[in-house]
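For reference, the structure is listed below as structure tokens.
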2 protein chains.
Amino acid sequence: MGRDGVDNGWITFSNVRIPRTFMMMRFARVDKNGNVTQPPLAQLAYGALIGGRVSMAADSFQVAKKFITIAVRYGAARRQFSSEDGQPETKLLDYTYHQRRLLPLLAYTYAMRTAADGLYDMYYNATEKLANTNVSDKQGLQSAIEDIKELFSLSAGLKAFSTWGCGHIIDEARQSCGGHGYSSYNAFGPGYADWIVNTIWEGDNNVLTLSAGRALVQSGVALRKGKRLGGPVEYLSRSEELKNAGLGSNHDSALRDPATIIKSWESICSQAINSTVDKFLELTQKENLSLTQAFEQLSLQRFQIARIHTRLYVIRSFFERVEKTQDGPLKKAVLDVALLFALWSIENESGIFLKYNFFTPDDLDTITELVNEYCRKVRVNAIGLTDAFNLSDYYINSAIGNYNGDFYKSYFEKVTRRNPPEEIRPPYYDSLMRPFFDRTNDEA
Amino acid sequence: MGRDGVDNGWITFSNVRIPRTFMMMRFARVDKNGNVTQPPLAQLAYGALIGGRVSMAADSFQVAKKFITIAVRYGAARRQFSSEDGQPETKLLDYTYHQRRLLPLLAYTYAMRTAADGLYDMYYNATEKLANTNVSDKQGLQSAIEDIKELFSLSAGLKAFSTWGCGHIIDEARQSCGGHGYSSYNAFGPGYADWIVNTIWEGDNNVLTLSAGRALVQSGVALRKGKRLGGPVEYLSRSEELKNAGLGSNHDSALRDPATIIKSWESICSQAINSTVDKFLELTQKENLSLTQAFEQLSLQRFQIARIHTRLYVIRSFFERVEKTQDGPLKKAVLDVALLFALWSIENESGIFLKYNFFTPDDLDTITELVNEYCRKVRVNAIGLTDAFNLSDYYINSAIGNYNGDFYKSYFEKVTRRNPPEEIRPPYYDSLMRPFFDRTNDEA
């Protein structure tokens, strides 16, 4: 599909003996008599994959920003239909629905960056701690393992949803450019083919998501046994309070308040996780299913809680970064971007918000209006927000996505450069071929 | 991206005079003095595009069936991890989540066929009527125009959602095959690149969807003015009754009953359309917005109602086809497929079903269980349901999707055939290159 020349296949061994000492035995061990010692945590065996996942969450931002830039620039320059007779045609990016297609994805692009930064911090801390821990130090190892567990599950969720998110951004950005997006002059085709492998390697996204969901259920079970939770799942400890949280008397202003929005996500995430934990305990304790069977039966629930928990993490990281930004017009502009992302995310999960009764149907109508409103606000800064990525025209590699916005000119130049208009018809064209091909002769 | 060699661009005219008589003037006319007579219905000008849209709804089925077949065959043959120690590894398609990924899409593939058939019937009837109507026959033309309107809006929705649906099926089927799906030996890459242009040509999918949504609002407005509605929007006339419809006393059996499921879709569709009509009338009558402005402001709502109305049409067409099938085990098998499709579709629109209070959160939990259950039922027949498409291995063109299911063997043969293992290293390889490249020398 992409990455031609990179051969991946499979390998099958029959009766091949590999010396025991060829095995890397820091955690899992095999002695001379063939006795296997399992690592203290299964995930340690996959530890080397975590670095890859962390960087793929960051890559998602790096790749998405290129394609959202092309689409925003094209949408801000291309006009189609006028809304009133005699008026100039409207720019695509001034249409409500075009804004809704692209601007939340521009916001998502920003959000992926802040989330990846947070994940990198966790990764460096956790791997340093593990590297500095002696394997014989049981207590130290246990503490390092707890951190790795958190990292494993968060990086699984972020890798999956960021790489899917980036694939979606490339695809939607392409579609928003119509036929030009499909054209080989505009970078989208190879960009998608090259990127989309990220959804299935270094841990298939679906498998990773299910495993992140399993970890969330395990955290919920541990909490009920009295364990203290920290890190990204800390909010589960506040489940009771969150269940009864609400919007207060002024819904409209509450829905523009980052703290309230974060609380709304924490509320539905904790309720969804607790409901899955309830079902899990019922299946394992009352219906005597094995852990594997119970997790299997709760596959959809695991997928859903991983999806919303990961989204909560991304939203929180975005708001926290905005909070740390120096006061001024820039801060206001990025706060609008963060609010757009968070409110649009609520709209996309309306089923879960309604199920847990955090919002009423009327609130959701308000949120739809707010998404429209924040789209209009972000529209004003859309070119600035994409120019800020500071991508060269060479890197953009798309005639319709150049910095100067004069896309018909650069497009025509690119097409002409690659297809120099030279005479390629044979000398006998006029005497022999033209009379055969040209239908004006029929009319003569 | 795909379709290399098919050049599409744009054309710009400056000061070019085109003779008036070059214009095709069946409906729109320009007289010698430059006076323009608009066609009696704007859509007539686009009439020629309708045939393309109708056939693309059918094409969506034709293309989707190839890729869902590959994924189902691979999932039924490939094993990964055993659920209990010492047991054989589990087939991918026996995992709950893998079933949920593929089997509703297999059901959707079947559904797209029944929907396209219904659309073709409408198309032939409406275009025949129009062709047989004399332009001076005002009443006859009006009746033909009503049919064309219905056809225009239904074909717009079905073209958009079927072509997106097929793109999604190719993509999800590919991802479900892991790295093999990405491999150029397995048909997905070129298949996607070739197909996905269908989402943006012959009417861009988003624009078509918004226009289908506008037509639904117009139908709702016309109904309030006393007009009788027929065809796919007939259910709007029953809005009051549908609003108060419910599941009766036995929810579990009601949720397995096609008539009740269709009614549930009619209920939420009519409520969503009516709510949009209310807003539309408020904007145009109380807030004095122009029709264009009001439609623009209701873009999201138009998109949503077009999406669920189109899905209702597809579900209904599937159940009606099943109903016409001769009684017997085949009928039971396809009824399970139709139920899976309809219930999974409800799950995907849970936000709207909860908003209009047709189902309770508990009902939705039941529906999640039912989707799992019908996945297991359809799993039993999955190979039969895909073999029924009767696609040759040549057409499938994918090593992992061959009829016999022996994919490692056919894969290896294909790879070997395309890359014959001949000696391509130069004669000086052993003496000069090998010592340079081979790191075993370092250890010597």
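The values are calculated or read from the model by the stated rules, or taken from the named source; none is laboratory data. The structure presented is a predicted model; accordingly, all values stated were derived computationally and were not measured. Methodologically, a virtual Cβ is constructed for each residue, glycine included, from the backbone with ideal geometry; neighbour enumeration extends over all protein chains shown. Side chains are part of the model used for accessible areas, which takes the heavy atoms of the whole protein and leaves out ligands, DNA and RNA. Shrake-Rupley method; radii C 1.70, N 1.55, O 1.52, S 1.80 Å.
Using the crude model of +1 on Lys and Arg Cβ and -1 on Asp and Glu Cβ, and no other charge, please compute the dipole size for region A:257-360 relative to its Cα centre, in debye to 20. Let's see the in-between values first.
Details: 12 positive and 12 negative charges, 32 e Å.
That gives region A:257-360 a dipole magnitude of about 160 debye.
Taking amide H positions as placed in the peptide plane 1.01 Å from N, state which residues far from residue B:30 in sequence (5 or more) or on other chains have amide H under 5 Å from it.
HN-HN under 5 Å from residue B:30: B:37.
Could you tell me the convex hull volume per residue, in Å³, taken over the Cα atoms of region A:171-229?
With only Cα atoms used, region A:171-229 gives 107 Å³ per residue.
Using a 1.4 angstrom probe, figure out how much accessible area the protein assembly as shown has per residue, in square angstrom, rounded to the nearest whole.
50
For the protein assembly as shown, what is the mean residue ellipticity at 222 nm derived from helices alone (per DSSP H run of n ≥ 4: -39500 (n - 2.57); sum divided by total residues; nearest 500 deg cm²/dmol)?
Only helices count here, giving -21000 deg cm²/dmol.
For chain B, what's the relative contact order in percent, using C-alpha pairs closer than 8 Å and at least 6 residues apart?
Rounded, it is 20 percent for chain B.
Which one, B:54, B:217, B:207, has the greatest fluctuation when you compute a Gaussian network model over chain B with C-alpha springs under 10 angstrom?
The residue that fluctuates most here is B:207.
Tell me, what % of the accessible area of chain A is carbon and sulfur with a 1.4 angstrom probe?
Carbon plus sulfur share of accessible area: 51 percent.
How much accessible area is lost when chains B and A come together, counting both sides, with a 1.4 Å probe, in Å² rounded to the nearest 100?
4600
Calculate the dipole size of chain B relative to its Cα centre from +1 charges on Lys and Arg beta carbons and -1 charges on Asp and Glu beta carbons; express the result in debye to the nearest 20.
Using Cβ point charges on Lys, Arg, Asp and Glu, chain B gives about 1440 debye.
Over all directions, average the projected area of the Cα convex hull of the protein assembly as shown and note it in nm². Don't jump to the answer; show the numbers that get you there.
On the way: hull surface 192.9 nm².
Answer in nm², one decimal: 48.2.
Starting from the Cα gyration tensor of region B:52-172, take the square roots of the eigenvalues, sort them a ≥ b ≥ c, and report rounded, prolate or oblate (rounded when a/c is under 1.5, otherwise prolate if a/b is larger than b/c, else oblate).
prolate
When chain B is treated as a GNM, springs tying every alpha-carbon pair under 10 Å, which of B:147, B:194, B:171 comes out with the largest mean-square fluctuation?
B:194
Under a straight-distance cross-link criterion of Cα-Cα below 18 Å, which aspartates and glutamates are reachable from residue A:138, leaving out those fewer than 8 residues away in the same chain?
The reachable aspartates and glutamates, counting only those whose Cα sits under 18 Å from residue A:138, are A:128, A:146, A:147.
Order B:69, B:12, B:292 by their accessible area, 1.4 angstrom probe, all chains in place, largest first.
Most to least solvent-accessible, the answer reads B:12, B:292, B:69.
For region B:392-444, which chymotrypsin sites (Phe, Trp or Tyr not before Pro) are both in a DSSP coil and crowded by at most 13 other Cβ atoms within 10 Å?
Numbers: sites: B:394, B:395, B:403, B:407, B:408, B:411, B:412, B:428, B:429, B:436, B:437; in loops: B:403, B:428.
Passing both the DSSP loop test and the Cβ count: B:428.
Return the aspartates and glutamates within reach of residue A:243: Cα separation strictly under 13 angstrom, same-chain partners fewer than 8 residues apart disregarded; answer none if there are no such residues.
The reachable aspartates and glutamates, counting only those whose Cα sits under 13 Å from residue A:243, are A:266.
Taking the Cα centre of region A:366-444 as the origin and placing charges on Cβ (Lys, Arg +1; Asp, Glu -1), which of A:383, A:370, A:411 is farthest toward the positive end of the dipole?
Of the candidates, A:370 comes out farthest on the positive side.
Using only the alpha-carbon atoms of region B:1-79, report the extent along each of the three principal axes, biggest first, to the nearest angstrom.
Over region B:1-79, Cα extents along the principal axes are 75, 31, 14 Å.
Along the charge dipole of the protein assembly as shown, pointing to its positive end and built from +1/-1 on Cβ of Lys, Arg, Asp and Glu, which listed residue (A:99, B:397, B:325) has its Cα farthest out?
Result: B:397.
What GluC sites (Glu not before Pro) in region A:391-444 are in a loop by DSSP, with at most 10 other Cβ atoms within 10 Å of the Cβ?
When the GluC sites (Glu not before Pro) of region A:391-444 are filtered for loop state and at most 10 Cβ neighbours within 10 Å, A:422, A:423 remain.
Mind checking the angle between helix A:258-281 and chain A's longest principal axis? C-alpha axes, 0 to 90 degrees, to the nearest 10.
60
Is the shape of chain A rounded, prolate or oblate, going by the alpha carbon gyration tensor and its root eigenvalues a ≥ b ≥ c, with a/c under 1.5 for rounded and a/b larger than b/c for prolate?
It comes out oblate by the Cα gyration axes.
Taking the Cα centre of chain B as the origin and placing charges on Cβ (Lys, Arg +1; Asp, Glu -1), which of B:47, B:217, B:232 is farthest toward the positive end of the dipole?
B:47
Compute a Gaussian network model of chain A, connecting alpha carbons closer than 10 Å, and tell me which residue from A:309, A:168, A:251 fluctuates the most.
Its mean-square fluctuation being the largest, the pick is A:251.
Which entries in the list B:355/B:377; B:66/B:149; A:227/A:279; A:159/B:65; B:65/B:324; A:225/A:263 go over 27 Å, if you measure between the two C-alpha atoms of each?
Details: B:355/B:377 30 Å; B:66/B:149 33 Å; A:227/A:279 20 Å; A:159/B:65 30 Å; B:65/B:324 22 Å; A:225/A:263 24 Å.
In this structure, B:355/B:377; B:66/B:149; A:159/B:65 lie more than 27 Å apart at Cα.
For helix A:329-348, report the angle its Cα long axis makes with the longest principal axis of the Cα atoms of chain A; keep it between 0 and 90° and round to the nearest 10°.
Between helix and principal axis, roughly 80 degrees.
Region B:346-360: which residues show an accessible-area loss of 20 Å² or more, assembly versus chain alone, 1.4 Å probe?
Residues losing area: B:351, B:354, B:355.
Straight distance only, please: which aspartates and glutamates reach the Cα of residue B:331 with their own Cα at less than 15 Å, same-chain residues fewer than 8 apart left out?
Within the straight-line limit of under 15 Å, residue B:331 reaches these aspartates and glutamates: B:257, B:320, B:323.
Spin-label point model (7 Å from Cα, Cβ direction): what's the residue A:293 to residue A:18 distance in nm?
3.4
Provide the solvent-accessible area of residue B:7, counting protein heavy atoms only and rolling a 1.4 Å probe, rounded to the nearest 10 Å².
Here the residue's solvent-accessible area equals roughly 140 Å².
With only Lys, Arg, Asp and Glu charged, each at its Cβ (+1 for the first two, -1 for the last two), find how big the charge dipole of the protein assembly as shown is about the Cα centre; round to the nearest 20 debye. List each step's numbers first, then the result.
Working: 102 positive and 102 negative charges, 32 e Å.
The calculated dipole for the protein assembly as shown is roughly 160 debye.
Between the chain alone and the structure with every protein chain in place, find the residues of region B:140-189 that drop at least 40 Å² of accessible area; heavy atoms, 1.4 Å probe.
Flagged in region B:140-189: B:174, B:175, B:182.
Cα-based Rg (one decimal) and Dmax (whole number) for region B:198-291, in Å?
16.2, 48
Take the alpha-carbon positions of region B:366-414, form their convex hull, and give its projected area averaged over all directions (one quarter of the hull surface) in nm².
Mean shadow area of the hull around the Cα atoms is 4.3 nm².
Per residue of A:79-86, count partner chain C-beta atoms within 10 Å of its C-beta, then hand back the mean as an integer.
Shielding by partners across A:79-86 averages 2.
Please average, across the residues of A:203-210, the number of beta carbons from any other chain that are within 10 Å of each residue's own beta carbon, and give a whole number.
3
Calculated FRET efficiency, residue B:224 and residue B:42, Cβ-Cβ r, R0 22 Å, to nearest 0.05?
According to the calculation, E is roughly 0.45.
Across the Cα atoms of region A:123-207, what radius of gyration and what greatest pairwise Cα-Cα distance (Dmax) are found, in Å?
So, for region A:123-207, Rg and Dmax equal 19.4, 62 Å respectively.
Residue by residue, what Karplus-based ³J(HN,Hα) values in Hz, rounded to whole numbers, does region A:222-236 have, using 6.51, -1.76 and 1.60 with θ = phi - 60° and x for Gly and Pro?
Listing the rounded values in order: 4, 4, 5, 8, x, 6, 8, 10, x, x, x, 9, 3, 4, 4 Hz.
From largest to smallest, what semi-axes in whole angstrom does region A:317-444 give when each is the square root of 5 times an eigenvalue of its alpha carbon gyration tensor?
Working through the eigenvalues yields semi-axes of 54, 24, 12 Å.
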